[in-house]
Amino acid sequence: MRILVVGSGGREHALVRAFARSPQRPELLCAPANAGIAREVRVLDIGVDDVGGLVAAARDEAAGLVVVGPEAPLVAGLVDALEEAGVPAFGPRAAAARLEGSKAHAKEVMAAAGVPTAAHATVAGVDEGMAAITRYPVVLKADGLAAGKGVVIADDEAAARAALGVLLAEHGTVVVEEHLVGEELSLLALCDGERALPMAPAQDFKRIGEDDTGPNTGGMGSFSPVAGFGAAEVDSLVRTVHQPVVNLLRERGTPFHGVLYAGLMLTRAGVRVLEFNVRFGDPEAQAVLPRLRSDLVDLCLRATRPGGLAGATMDWSDDIAVSVVLASAGYPISSRSGDPILGLEDVPAGIEVTHAGTAQRDGVVVTAGGRVLNVTGLGPTVSAARAAAYDGADRIHFDGAQLRRDIALCAQGGAG
Ligand code: AMP
Ligand code: GLY
């Protein structure tokens with residue numbers, strides 16, 4: 001079986017590795033990939049937004065499965081186009097991917113499905129937006145894909161007015177929502193149009209700075225599993241959050257296939273959904289997938305078929321995984337490219353380095369994006385996993401590298 005993975009980030013590198021562990025021994029292709037993925041599988045030079053090119057390549061290569069990593073091609077209808085061409089594709093069709101493509105649509109779905117979320121209003125003008133604010137801080141969200149940069153937390157009227165102006169100019173509509181306080185949790189589930197099968201829970205560190213300071217990023221690190229969220233708690237969350245959405249979208253004739261990722265806030269009043277994504281999380285995948293013992297090829301194929309996950313289970317390693325991001329100078333405001341990356345060969349076996357923004361130039365691996373590498377350590381305790389991740393990260397060098405030293409520190413606890 002030949003599998004084409006679409007994307008070029010750390011998530012896609014983690015996916016390629018998880019597929020490579022399958023007993024089915026698939027032949028793997030990746031488009032457009034990065035320098036690390038290119039060392040492991042055959043690469044096709046086709047961008048993630050080239051729907052026609054990807055469909056033609058999948059057909060020419062007789063791919064038995066295409067797995068789409070990022071959200072933009074899902075929202076643009078890549079899975080629709082692949083299925084129409086007769087290629088099995090893992091991920092939601094465009095109609096179901098709107099859950100991530102439009103925050104206003106996601107709120108409408110949550111209301112209709114009875115899924116708890118923050119109180120909110122969808123607005124199209126600054127004055128309308130200001131009138132919808134009842135207290136500060138307030139959360140303002142662009143109603144469209146914004147690559148992790150569409151959420152502003154405004155502390156006062158002046159900040160809210162300024163942010164509304166910017167977000168409305170770029171996106172036309174904005175969701176104004178209640179600011180929630182609590183612990184965040186990323187809970188991803190594989191969906192086959194009928195049921196949601198939860199994956200191991202994870203936590204993501206979104207801010208650039210230690211102690212959760214500075215601007216939001218795509219995510220600077222992650223760990224999995226999360227203490228306190230065993231099978232019973234996870235099942236209860238999936239029944240409250242994912243399954244009602246899967247049921248509703250099925251009733252509406254737009255069944256959800258692929259990964260439904262719920263960004264959750266565990267407030268004192270109960271769980272609230274902050275957002276839905278329609279794909280694996282990045283960097284959650286880099287901490288979750290190395291622990292998966294079940295065959296990801298089989299699971300993804302099953303998820304493409306209505307009800308195909310019936311009877312499926314996911315088996316996880318007992319190890320804790322901690323994944324640390326090395327980002328380039330300037331990230332998340334800008335990113336610097338072309339800095340040589342040294343020390344990759346010095347990382348001990350067993351510590352997983354996945355590439356994100358990297359490229360190969362004259363035989364040297366160089367930086368080529370904001371988030372450059374992920375280093376994932378595994379171990380029987382959080383502190384062992386952290387020690388492995390930072391041991392690996394500290395052997396790698398490039399100019400201006402940024403990393404957070406406090407990834408999963410909060411999880412270390414007394415037992416750590
Ligand atoms: P989102 O893209 O909607 O997940 O938002 C990005 C980040 O902004 C989340 O991971 C939270 O840290 C924060 N956030 C989003 N919505 C809220 C909210 N209603 N209250 C507090 N923080 C929020
Ligand atoms: N880690 C956040 C995301 O994948 O959207």
Check: C-alpha center region 105-148 vs C-alpha center region 1-48, spacing in Å is 36
So what's the gap between the Cα centers of region 262-308 and region 324-357, to the nearest angstrom? 25
Solvent-accessible area of Ser294, probe 1.4 Å, all protein chains present, reported in Å² to the nearest ten, please. 30
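Trypsin sites (Lys or Arg not before Pro) within region 234-338: which are DSSP loop residues with at most 15 other Cβ atoms inside 10 Å? Please report the intermediate quantities before stating the final value.
Working: sites: Arg239, Arg250, Arg252, Arg268, Arg272, Arg279, Arg291, Arg293, Arg302, Arg336; in loops: Arg252, Arg268, Arg279, Arg293, Arg336.
Of the trypsin sites (Lys or Arg not before Pro), the ones in loops of region 234-338 whose Cβ has at most 15 other Cβ atoms within 10 Å are Arg252, Arg268, Arg293.
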To the nearest Å, what is the center-to-center distance of region 179-209 and region 61-103, using C-alpha atoms only? 21
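Among 8-20, 126-138, how do they line up from the highest to the lowest mean number of other beta-carbon atoms within 10 Å? Please list the in-between numbers first.
On the way: 8-20: 26.1, 126-138: 15.5.
In descending order of packing, they fall as 8-20, 126-138.
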How large is the accessible surface per residue of the chain, computed with a 1.4 Å probe and reported in Å² as a whole number? 39
Rounded percent of accessible protein surface that carbon and sulfur make up, the chain, 1.4 Å probe: 50
Per-residue ellipticity at 222 nm attributable to helices in the chain (runs of n ≥ 4 DSSP H, -39500 (n - 2.57) apiece, nearest 500 deg cm²/dmol) works out to -8500 deg cm²/dmol
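The values are calculated or read from the model by the stated rules, or taken from the named source; none is laboratory data. Note that the structure is a prediction, hence the values are computed from the model and not measured. No Cβ is skipped: glycine too gets one built from the backbone with ideal geometry, and neighbour counts run over all protein chains shown. Surface areas here come from the heavy atoms of the whole protein model, side chains and all, with no ligands, DNA or RNA. Shrake-Rupley method; radii C 1.70, N 1.55, O 1.52, S 1.80 Å.
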